[in-house]
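Below: one structure, written as structure tokens.
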Amino acid sequence: MELKQILEAAMMAAGRPVELEEFAGLFDESERPSSADLEQALDEIRVDFEHHRPLELKRVASGYRFQVREAFSPWVSRLFEERPGRYSRAFLETLAIIAYRQPATRGEIEDIRGVAVSSGIIKTMLERDWVHIVGHKDVPGRPALFATTRHFLDYFNLTSLSELPPLQEFIEILDVTETLPQIVLQDSDTETNGIEHAESE
């Protein structure tokens, strides 16, 4: 069986990003390909899918995955019964502050925004595994320090925080959530989770 076919099958079956070490673990030790061989095979797969294919091979923080090209999202999104929601401005600003100033406390976020941060917004980010608590600041009250997660990087097709676009561009990307892949927002309480739902047509 050709190495590329095995790797393709593994990514299709996993339904999530697959790390290089996981690919290696698919093989018995006696036949295990080197990291260089795996990377070369993955690069060949990426090239194979560059032309006339609706899927693309993407490397993100958690590994390699296949995903639908953005150009096909208007059709693919119709597979879902509900239209995706739109994040509230408060949600977008809070997430952007955490992404660019991390680690950040809730108080620091409120100082920058000039208004209180809803507990529901923080809860939603934690539940979506976009942010997590990385420690507590050594000040009275020991407030939690929030930072983004690997899942956050995966969602936005990033391998590291160094790939974040300029702040305003990132906010504009966030502000068009209908075009983003991989998530269907089903919450309905805009007061607690910072998501505003699009009205059905």
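Only the coordinates and a few stated rules stand behind these numbers; no lab work does. What you see is a predicted model; the values in this text were computed from it and never measured. Virtual Cβ from ideal backbone geometry, glycine too; neighbours counted across all protein chains shown.
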Report, by residue number, each residue of segment 149-170 that is closer than 16 Å to Gln102 by Cα and either of a type in the set (A, V, I, L, M) or not in a helix (DSSP H, G or I) (or both).
-> Thr149, Leu153, Ser160, Leu161, Leu164, Pro165, Pro166, Leu167
Return the only residue of Glu70, Glu56, Glu110, Glu93 being surrounded by 12 or more Cβ atoms within 10 Å (Cβ to Cβ) and more than 22 Å from the chain's Cα centre (by Cα).
-> Glu110
Those residues of segment 112-148 which are under 19 Å from Ala96 (Cβ atoms) and either of a type in the set (D, E, K, R) or in contact with a Pro (Cβ under 8 Å, 6 or more places away or on another chain) (or both), in sequence order | Arg113, Lys123, Glu127, Arg128, Asp129, Val134, Leu145, Phe146, Ala147
Would you mind finding the one in Thr148, Thr124 that is under 20 Å from Ala61 (Cβ atoms) and polar (S, T, N, Q)?
-> Thr148
Consider only pairs whose beta carbons are under 7 Å apart and that are at least six residues apart or on different chains; among these, list those whose first residue lies in segment 1-23 and is over 14 Å from Gln40 (Cα atoms) and whose second residue is loosely packed, with under 14 Cβ neighbours inside 10 Å and among the polar types (S, T, N, Q).
-> none
Of the residues Leu20, Leu38, which is out of contact with any Lys or Arg (no Cβ under 9 Å at 6 or more places or on another chain), surrounded by 14 or more Cβ atoms within 10 Å (Cβ to Cβ) and closer than 28 Å to Thr148 by Cα?
-> Leu20
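Among the candidates Leu167, Leu158, single out the residue that is touching a residue at least 60 places away in the same chain (Cβ under 8 Å) and either in contact with a helix residue (DSSP H, G or I) (Cβ under 7 Å, 6 or more places away or on another chain) or at positive phi (or both).
When all the criteria are applied, what remains is Leu167.
Would you confirm, using the coordinates I've provided, whether Glu108 is among the acidic types (Asp, Glu) and closer than 28 Å to Arg69 by Cα?
So Glu108 fails the test.
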